[in-house]
Amino acid sequence: MKNLQLSNPAFIHAEKSFKEWLDILGYAGIIVYNMPNAVREFLNWLKEMGTCFG
């Protein structure tokens, strides 16, 4: 789901910061790439469910 776009600035920041954190912790490149995509999918799901502002 890497084509999903986040519109909420807080969501964008959270995804970017999470990716940076994984990299700092030394996770493998595939994890640093894939996990933020999963977070983006989850954040989009929250927006679709009306759980939060997005």
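The values are calculated or read from the model by the stated rules, or taken from the named source; none is laboratory data. Only a predicted model underlies this, so the values are computations on that prediction, with no experimental measurement involved. In this analysis, Cβ positions are derived from the backbone assuming ideal geometry, glycine residues included, and neighbour counts consider all displayed protein chains.
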task = Kindly indicate whether any position in region 40-52 is more than 8 Å from the chain's Cα centre (by Cα), of a type in the set (Ser, Thr, Tyr) and at pLDDT below 90.
result = yes
Pairs returned, first residue in region 5-23 that is at negative phi, second residue that is of a type in the set (Gly, Ala, Ser) and part of a loop (DSSP other than H, G, I, E, B), beta-carbon separation under 8 angstrom, 6 or more apart or interchain, are Leu6/Gly54; Ser7/Gly54; Asn8/Gly54; Phe11/Gly54
Checked region 14-36 for anything modelled with pLDDT under 95 and either in a loop (DSSP other than H, G, I, E, B) or closer than 16 Å to Lys47 by Cα (or both); matches are Ala14, Glu15
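Of all residues being outside any helix (DSSP H, G or I) and of a type outside the set (S, T, N, Q) in region 3-13, which is nearest to Leu46 (Cα to Cα)? Just the residue, please. Talk me through it step by step, then tell me what you get.
Just the residues of region 3-13 that are outside any helix (DSSP H, G or I), to begin with: 3-8.
This time we only want the ones that are of a type outside the set (S, T, N, Q), so: 4, 6.
On the way: Leu4: 13, Leu6: 11 Å.
Checking each candidate, the answer is Leu6.
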